[in-house]
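I have placed the structure first, in the form of structure tokens, so that the comments after it can refer back to it.
The values are calculated or read from the model by the stated rules, or taken from the named source; none is laboratory data. Fair warning: this is a prediction, and the values are worked out from it, not measured in the lab. Backbone-built Cβ (ideal geometry, glycine too); neighbour counts: all protein chains shown. Surface areas here come from the heavy atoms of the whole protein model, side chains and all, with no ligands, DNA or RNA. Shrake-Rupley method; radii C 1.70, N 1.55, O 1.52, S 1.80 Å.
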Amino acid sequence: MNPRPEAAALADPLEVRTRHRRPDGAPAVPAPADTGARSGVEAPARPGPTAGAPALAAPVVPTQVGLVGPGRPAEPAEPAQRTPHRRPVVTALRLSAFGPHCGAAFRLGPVTLFTGPSGSGKSQALAAYEALAALGSGAALEDAFPEPALRIPDLAVPDAGRRRGFRIGCTVDGPAGPVRLDLAVQAEPALRIVGERLSQDGQVLLATALRDPGRRSVQAAWLTGGATGVTRAPLPDDRLGTALLPLRVAGATAGQRQVLAAAEQVVVALRSVFPCDPDPQRMRAPVPPGEGRLRGDCANLADVLRRTRHECGTRHALLTEAARTGCAGPVAGLDVWASAGGGPVTAVLDRGPDRPATELARLGAGELRFLALALVLLTGPGVLAMDPAAELLSAQQALTVLADGFDRGLDRRQGAELLRLAQLASAHGHIRLAAAVGEDLAALARGLPGVTVVDLTP
């Protein structure tokens, strides 16, 4: 007898057919099965169809081109004894069909660096992570994917309804154990979620499917347990269903509590993400004093330095020490000049006795990016313009910094110092980093403890 009869009633919304059209315009043919993976990329698991699963109007996507082949070693197997994560963190990113990626999965460590030539998909991987984070924070689909057509794989062919889209997912590890989230998104002709699956240990906890294209909702089913088995209800097709579950599930049965624990773990991990891309041009001008929370472009760096200088002497001292490595000339400290009457504030480098201070506006673009990224790695959610899960203590959450072009405009010395700071910050489990870097910094990072280098070179 099946010990979980209610599990069979949960359909697999992502069990869809794929097609591959050859570049020469030949007719579409069935997609070949993935048989292997290159270093840092693994073929995703393909579970068999669930009995009684409803049909899903999912976008048609191609298989990976050039992903498999002889001479490409498979990714190392997971260790037999898994060390549980005390804080919810994203440990894998799956790009089943997203931009140039198809059938790809990337294992994420405390510090993960994506490298490869231009066009290899470094930025697309981080964009998928950022979009999942936005959806986990409650954002609408159109806000998470402002240009969805750019995420459709180049070789994707529309189905009979002229629909195309993409598929992404992630694995979140934490106190509840590894939890998988997979998402199928229709990008054309209208942006909508057409399938979502939350699963753990092979058991589907939440499944959604598009039943009626004329309605702006999907049919959802989640594990209830007890006499009911499964609860079914419509959910909006522009929001992540997993993020809505804590508002819909009471937690009265063991099954409901399992669903809640898995959903809350995923939401906490995705909400604890800070996309960061410092803009040196916007960092040069004086800024009005505010609440001292750093924005993603770091334009208000001077205001944040004003706050950290007075509230956190230890971290400010570490930042000053890093500035001695990343900034040209002597650095005795980081200071802020404030105008009288609460006017704009200006950040400066203290050059020491008998030497005039240097306003940050006079620094090079690389120096400004270095200072901003160093500050992000040395601080926490309370100093960043983000909305972490308020129901958990900060000590129970891990901040993940996303940085595209992490070493852009930096020299080797600055890149090495930021890499050292990332290792230092991630060693305690409070801060993680996922970044796109050039080959020089990737070569320096290979073999370092706690650093995972994902090489996207074809």
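With 0.36 nm allotted per residue and the present C-alpha distance subtracted, the Arg351-Glu188 stretch has 53.0 nm of extension available.
Using θ = phi - 60° in the Karplus curve 6.51 cos²θ - 1.76 cosθ + 1.60, the 3J(HN,Hα) couplings for the stretch 300-306 round to 9, 4, 4, 5, 6, 5, 4 Hz; x is entered for Gly and Pro.
What does the extension gain come out to for Asp387 and Ala340, with contour length at 0.36 nm per residue minus their alpha carbon separation?
13.7 nm
Once the C-beta distance of Glu147 and Ala332 is scaled by a Förster radius of 45 Å, the resulting FRET efficiency is 0.50 to the nearest 0.05. Here the label points at Ser123 and His428, each 7 Å from Cα along the C-beta direction, are separated by 3.4 nm in the simple model.
Using the alpha carbon gyration tensor of the stretch 191-254, what are the three equivalent-ellipsoid semi-axes (square root of 5 times each eigenvalue), largest first, in whole Å? All intermediate terms of the calculation are to be shown ahead of the outcome.
Values: eigenvalues 90, 28, 24 Å².
Those come to 21, 12, 11 Å.
Each part gets one Cα centre, and for the stretch 204-236 versus the stretch 321-344 those centres are 55 Å apart. Between amide H atoms placed 1.01 Å from N, distances below 5 Å from Thr91 occur with Thr171, Val172, Asp173, all of them 5 or more places distant or on a separate chain. Accessible area ranking (1.4 Å probe, heavy atoms, ligands and nucleic acids excluded), largest first, for Arg306, Arg351, Arg295: Arg295, Arg306, Arg351.
Each residue of the stretch 430-445 was assigned a 3J(HN,Hα) from its phi angle through the Karplus expression (A = 6.51, B = -1.76, C = 1.60, θ = phi - 60°), giving 8, 10, 10, 9, 10, 9, 9, 9, x, 5, 4, 5, 5, 5, 5, 7 Hz with x at Gly and Pro. Rounded to the nearest 0.05, the FRET efficiency derived from the C-beta distance between Arg162 and Ala140 at R0 = 22 Å is 0.40.
May I ask you to list the GluC sites (Glu not before Pro) in the stretch 269-336 that are in a DSSP loop and have at most 16 other Cβ atoms within 10 Å of their Cβ? Don't skip to the end; give the middle numbers.
Working: sites: Glu291, Glu311, Glu321; in loops: Glu291.
Sparse-neighbourhood loop GluC sites (Glu not before Pro): Glu291.
Would you mind calculating the relative contact order of the stretch 241-380 from Cα pairs under 8 angstrom and at least 6 residues apart, reporting the percent as a whole number? Present the calculation step by step, with values, prior to reporting the outcome.
Values: 188 pairs, mean separation 28.9, N = 140.
Averaging sequence separation for qualifying contacts and normalising by length gives 21 percent for the stretch 241-380.
When only alpha carbons are used to place a centre, the stretch 258-275 and the stretch 97-144 end up 17 Å from one another.
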